[in-house]
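Heads up: the structure comes next, in structure tokens.
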Amino acid sequence: MRINKYLADCGVGSRRECDKLIADGLVKINDKIATLGSDVKENDHVTVRGKRVGDKQSLVYVMLHKPKGYVTTAKDDLGRKTVLDLVGDIKQRIYPVGRLDYDTEGLLILTNDGDMANRLTHPRNEVNKTYIARISGQLTEAERRTLEKGVLLDGVKTAPAKVKILEKDEHHTRVEVTIHEGRNRQVKRMFETVGKEVEFLKRVSIGELRLGGLKRGTYRYLHDDEIEYLKNL
Ligand code: URA
């Protein structure tokens with residue numbers, strides 16, 4: 001088995017992260033530094049930063065209700081709290097699948113299943129993500145349609161989206177937005193193109209997987225049928 005897949009299966013990280021560890025010379029097979037082309041055979045002794053891996057960890061799948069005020073990376077240069085602080089009692093080394101902004105809340109999946117993480121984030125798979133957003137001002141029907149058809153972000157048009165107005169008053173509009181791309185700050189930047197600010201953003205579903213009534217700041221293990229569903233996306 002190729003070394004990057006082996007490490008991902010062992011829960012070390014996504015394949016891309018494992019490639020980096022290999023390229024950085026931190027991975028050894030039987031005391032020899034591994035390269036990106038190395039294969040692992042049964043009974044090989046594999047280490048990352050000198051620590052044995054390969055007693056395959058059990059795979060763990062978690063849904064977290066991320067609160068605002070947490071970064072979605074393992075470490076933050078500014079010393080801010082990370083989503084891993086909220087799952088600190090899980091002993092396996094899990095990591096977030098995809099990103100939510102510091103001030104965005106809602107559904108985040110964490111796992112040590114590198115292949116699933118790749119499938120969920122690969123653009124080819126077009127997994128729908130649904131958000132509830134509160135927008136400054138009143139979103140007009142014309143603006144709603146413009147956003148659905150696609151707007152230019154960095155010169156590249158966004159894929160067709162679903163934008164549903166849930167309610168509005170004089171100063172705000174509450175909308176449900178479904179997109180399958182995962183571009184940087186995509187929802188906020190889409191609304192900026194029509195002169196509207198996203199004041200609040202929460203992800204409520206990834207594909208068929210729903211946040212439901214999970215309390216903010218807490219997590220739960222995914223059920224077998226949910227894991228099966230995500231594996232077959
Ligand atoms: N779109 C955004 O603008 N921010 C997020 O966190 C997720 C989607």
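Values computed for the structure shown
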item: Hits in the stretch 114-157 (condition: under 30 Å from TYR6 (Cβ atoms), open to solvent by 40 Å² or more (accessible area, probe 1.4 Å) and within 16 Å of the ligand (Cβ to nearest atom)); result: THR121, PRO123, GLU126
item: Residue within the stretch 3-15 that is surrounded by 12 or more Cβ atoms within 10 Å (Cβ to Cβ), of a type in the set (S, T, N, Q) and either touching a Cys at 6+ places or on another chain (Cβ under 7 Å) or more than 26 Å from THR73 (Cβ to Cβ) (or both) present; result: yes
item: Residue within the stretch 35-51 that is part of a strand (DSSP E or B) and at pLDDT below 90 present; result: yes
item: Condition broken by GLY213, with the remaining ones in (1) without any contact (Cβ under 8 Å) to a residue 60 or more places away in the chain; (2) within 16 Å of the ligand (Cβ to nearest atom) satisfied; result: (2)
item: Of all residues making up the stretch 161-193, the number that are in a loop (DSSP other than H, G, I, E, B) and either touching a Pro at 6+ places or on another chain (Cβ under 8 Å) or within 16 Å of the ligand (Cβ to nearest atom) (or both); result: 8
item: Subset of the stretch 145-159 (residues that are assigned to a helix (DSSP H, G or I) and either touching a residue at least 40 places away in the same chain (Cβ under 8 Å) or touching a Lys or Arg at 6+ places or on another chain (Cβ under 8 Å) (or both)); result: THR146, LEU147, GLU148
item: Residues that are open to solvent by less than 20 Å² (accessible area, probe 1.4 Å) and either modelled with pLDDT under 95 or among the acidic types (Asp, Glu) (or both), drawn from the stretch 181-201; result: none
item: Residue check for THR140: among the hydroxyl-bearing types (Ser, Thr, Tyr) and farther than 21 Å from VAL71 by Cα; result: yes
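The values are calculated or read from the model by the stated rules, or taken from the named source; none is laboratory data. Just so it is clear, the model here is predicted, and its values are computed rather than measured. Don't worry about glycine lacking a Cβ; one is built from the backbone with ideal geometry, like all the others, and counts go over all protein chains shown. SASA here: full protein model, heavy atoms, side chains in, ligands and nucleic acids out. Shrake-Rupley method; radii C 1.70, N 1.55, O 1.52, S 1.80 Å.
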